[in-house]
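The block underneath contains the structure these notes are about, expressed in structure tokens.
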Amino acid sequence: MVDMFHKTVFLLDHTLQMTESCGILLDLDSSSRTSSRSQPQQGFCPSFISPTSKSLWTCVVENTLEYARILWDVFSDHRLIRVLLSNPQSTETLNGWDKSHQNLVFMCEAFAKAGPPLKNAGAVEIGIKSAIAALGEPTELQSQIMEKNKYASKVKNKGRVICFTSYHLESDLQEYFLNTLIHHNKTDAAVDEILPIQECEFVLVSLHPMGKERKPRISTTGFRNLSATLKAELWVTGADMLYEKVVDLVMRHHDLVITSVTGIPMKEEQNSTSSSNYDVPLFHPRMPTTSNTNIN
């Protein structure tokens with residue numbers, strides 16, 4: 001069965017605005033952390049490295065890979081991910097629907113080759129067209145279904161697009177997405193190799209540096225039906241809250257829950273004589289439950 005979770009397209013804004021600092025300071029000076037736990041050794045010389053900050057782009061890459069990591073660690077079925085970069089004048093595709101592209105090694109190498117965002121302003125409208133086109137491409141599973149059922153040239157095709165950008169409300173991206181989807185189903189899907197999209201979800205995540213909301217302000221909206229084919233939602237979040245939002249998305253999209261294993265002893269340092277207890281969260285599919293069951 002081809003369901004909504006079969007295809008997920010990540011559309012990442014790869015333009016100038018994503019080079020902005022996320023506003024979260026990172027302390028890279030290990031000497032300050034070491035001296036807080038023990039006395040420095042004789043001859044120790046601190047490095048005095050100033051705290052630095054990641055860009056919005058780095059936050060987006062890290063959390064896209066985290067979504068993919070959770071998905072691929074938990075499932076070994078036909079849940080596939082595509083990643084597209086929306087450049088100022090074009091769209092760059094980092095991977096395909098092939099199973100050989102569905103792993104972190106492949107994706108990390110692809111991100112490394114793509115490099116940082118281009119230093120030109122741009123919008124994600126170009127990327128939206130490519131994301132919908134990617135959903136229209138048949139996967140290996142869909143091709144197998146079409147081959148087995150020779151009387152049906154088309155197969156059920158559902159999927160979602162998750163877009164990370166820094167949204168300024170200069171245009172209505174949800175309305176643009178809907179119009180592009182309608183055009184795809186009327187025109188592009190007339191080609192035999194392209195599938196129409198019967199159901200689609202568009203998740204728009206507007207990212208801003210910590211403590212610096214975009215103006216004019218836009219507010220988070222829950223799922224709303226834009227048409228019989230498209231559902232859309234908009235999330236506005238700071239860089240410091242992006243991880244929690246991505247975890248929430250992957251859990252909702254794939255019906256996951258978290259079970260915490262508590263009190264695991266771990267040594268903080270190799271030569272440490274003491275250990276601390278940690279809690280480790282485990283992601284897993286929601287277990288089926290039964291009600292009103294009599295146990296004899």
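The values are calculated or read from the model by the stated rules, or taken from the named source; none is laboratory data. The structure presented is a predicted model; accordingly, all values stated were derived computationally and were not measured. Cβ sites come from the backbone with ideal geometry, for glycine too, and all protein chains shown count toward neighbours. In case anyone asks, the SASA skips ligands and DNA or RNA and just uses the protein heavy atoms, side chains included. Shrake-Rupley method; radii C 1.70, N 1.55, O 1.52, S 1.80 Å.
With equal scatterers on the alpha carbons only and no solvent term, can you work out the Debye log10 of I(q)/I(0) for the range 64-177 at 0.10, 0.18, 0.21 1/Å?
Each listed q maps to, in turn, -0.37, -1.05, -1.28.
With Cβ to Cβ distances under 10 Å as the rule, what net charge do the other residues near F5 carry (K, R +1; D, E -1)?
+1
Among 257-263, 191-197, 61-67, how do they line up by average Cβ neighbours within 10 Å per residue, starting with the highest?
Descending packing order for the listed peptides: 61-67, 191-197, 257-263.
Per residue of the range 4-15, in order, report the coupling 6.51 cos²θ - 1.76 cosθ + 1.60 (Karplus, θ = phi - 60°) as ³J(HN,Hα) in whole Hz, putting x for Gly and Pro.
Listing the rounded values in order: 4, 6, 5, 10, 10, 10, 9, 10, 10, 5, 10, 10 Hz.
Taking Cα atoms of the range 88-140, Rg/Rh with Kirkwood Rh, to two decimals?
We get a ratio of 1.00 for the range 88-140.
At a 10 angstrom cut-off on C-beta neighbours, averaged per residue, how do the peptides 238-247, 9-18 rank from highest to lowest?
Going by the mean number of other Cβ atoms within 10 Å, highest first, we get 9-18, 238-247.
Working with all protein chains in place, sort I126, I70 by solvent-accessible area computed with a 1.4 Å probe, largest first.
From most exposed to least exposed: I126, I70.
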